[in-house]
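The structure appears right after this line, and notes come after that.
The values are calculated or read from the model by the stated rules, or taken from the named source; none is laboratory data. Quick caveat: nothing in here was measured; it's all calculated off a predicted structure. Here the Cβ positions follow ideal geometry from the backbone for every residue, glycine too, while neighbour counts run over all protein chains shown. For accessibility, only protein heavy atoms count, side chains too; no ligands or nucleic acids. Shrake-Rupley method; radii C 1.70, N 1.55, O 1.52, S 1.80 Å.
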Amino acid sequence: MQRAMTVVPHLGLRLQALPLALGRPLSRAQDVLRRTPLYDFHLAHGGKMVAFAGWSLPVQYRDSHVDSHLHTRRHCSLFDVSHMLQTKILGCDRVKLMESLVVGDIAELRPNQGTLSLFTNEAGGIEDDLIVTSTSEGYLYVVSNAGCWDKDLALMQGKVRELQNMGSDVSLEVVDNALLALQGPTATQVLQAGVADDLRKLPFMTSAVMEVFGVSGCRVTRCGYTGEDGVEISVPAAAAVRLAAALLENPEVKLAGLAARDSLRLEAGLCLYGSDIDEHTTPVEGSLSWTLGKRRRAAMDFPGASVIIAQLKGKVQRRRVGLTCEGAPVRAHSPILNMEGTVIGTVTSGCPSPCLKKNVAMGYVPSEYSRPGTPLLVEVRRKQQMAVVSKMPFVTTNYYTLK
């Protein structure tokens, strides 16, 4: 999902070699960047800070990007994702408001159940991806991307005013909490030591408010952006450092930054907004048709429905696909060619996979080239090299679901 601009890390990542969109080393202009409540904590732990989506965030710590990536797959890592926009939608008409903006079936969510959904425009394009949770406290808890903060907030506030002017009962509050993501196969084992709730009863995409290591008022959601089991913890800003320090006391936990987060999500086949999907990409083209609620498809009552449903029923011109590639690492914007050498598409994300020890990428190709196993070419530094359309996720995901 994450969550902002293009992020393309590579093995042996060096700060000075970072792509501009992943982050720029901080300069005299750093004071204009927003800081999370953990900013000083990152510096104290060796965080290498970069500019990202208007925020100063760690791209990595003392461990290398690859070491952080593999530690997350084998143990668990703590990520600061406090730059994400967190909002509450309140009032009797909260579902009406959200369903006027997204493609998902929000009304069918059970208490404390969440779903990934999409803001769409009238042309069917994706304005952002977001997670919407229907809480048992009587509001919708929404987490959306930092890179779309102003756009998303304006969109939701504008719809609130529109519905209020029509007499609807709805309002919006920005949640001024920090957000910590604890991700990896041992994440819930680590967290269980600090909560009274039985985390075995909290499956993927569900949420609960609980005390976490002595910090009250935390919302724990079983989700993440790595393909591993884990949680995101919305914690009062004043207690964020205390909670992070408590989690790090367990030797299973290490800090990880933007670089590892990006290569983890790419191995998991997860989209990066602004790179793999944007306002010119429809859910069908982006291989995200599963986010369209069945009832919503039938009612065709979300923005861009006429375009999106027509693509579902007919033939879409292009699709997002996974690619495994030989040779040099494939970067965003690299041309994709058919075996005759004709350019047919573009890579949107790419990196060497630390787990698979080969290059993985995503990109868009015409539908007739989208079948897994289709041989293609990619152009890297003006040289063509072999690629194969591959199923995603590239690495098996490990989300926790109740059997």
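Descriptive notes on the structure:
- Within the range 283-317, the set of residues being over 23 Å from E108 (Cβ atoms) and crowded, with 21+ Cβ neighbours inside 10 Å comprises E285 only.
- G184 being out of contact with any Cys (no Cβ under 8 Å at 6 or more places or on another chain), at pLDDT 95 or above, in the same structural domain as L255 (by the TED database) and under 27 Å from L258 (Cα atoms): no
- Contact annotation: residue pairs with Cβ atoms under 8 Å, 6 or more positions apart or on different chains, pairing a residue in the range 315-337 that is free of Cβ contacts under 8 Å to residues at least 40 places away in the same chain with a partner that is assigned to a strand (DSSP E or B) and open to solvent by 20 Å² or more (accessible area, probe 1.4 Å), are H333/T346.
- Scanning the range 386-403 for residues that are outside any loop (DSSP other than H, G, I, E, B) and open to solvent by 30 Å² or more (accessible area, probe 1.4 Å) yields M386, V388.
- Residues located in the range 310-329, provided they are at pLDDT 95 or above and under 13 Å from V388 (Cα atoms): V321, G322, L323, T324
- Condition met for D169 (touching a residue at least 12 places away in the same chain (Cβ under 8 Å) and within 28 Å of L38 (Cβ to Cβ)): no
- Of all residues in the range 328-369, those that are open to solvent by 60 Å² or more (accessible area, probe 1.4 Å), part of a loop (DSSP other than H, G, I, E, B) and either farther than 25 Å from R265 by Cβ or small (G, A, S) (or both) total 3.
- For the range 206-249, filtering for residues that are on the phi > 0 side of the Ramachandran plot, open to solvent by 30 Å² or more (accessible area, probe 1.4 Å) and in contact with a Leu (Cβ under 8 Å, 6 or more places away or on another chain) leaves 1.
- Scan the range 62-97 for residues that are surrounded by 18 or more Cβ atoms within 10 Å (Cβ to Cβ), of a type in the set (D, E) and under 24 Å from L43 (Cβ atoms) and the total you get is 2.
- Filtered by the rule that a residue be small (G, A, S) and assigned to a loop (DSSP other than H, G, I, E, B), the range 41-95 gives G46, G47, A53, G54, S64, S82, G91.
- Residue within the range 275-291 that is farther than 26 Å from E368 by Cβ and in contact with a strand residue (DSSP E or B) (Cβ under 7 Å, 6 or more places away or on another chain) present: no
- Strands (runs of 3 or more DSSP E) fully within the range 129-202 counting 3 or more residues that are buried (at least 19 other Cβ atoms within 10 Å of the Cβ): 139-144, 177-183
- Flag if Q192 is touching a residue at least 12 places away in the same chain (Cβ under 8 Å) and assigned by the TED database to the domain that holds D40: no
- Residues satisfying the stated conditions in the range 216-238, i.e. farther than 22 Å from M205 by Cβ and touching a residue at least 40 places away in the same chain (Cβ under 8 Å): P236, A237, A238
- Set S100, S117, S56: member being open to solvent by 10 Å² or more (accessible area, probe 1.4 Å) and small (G, A, S): S100
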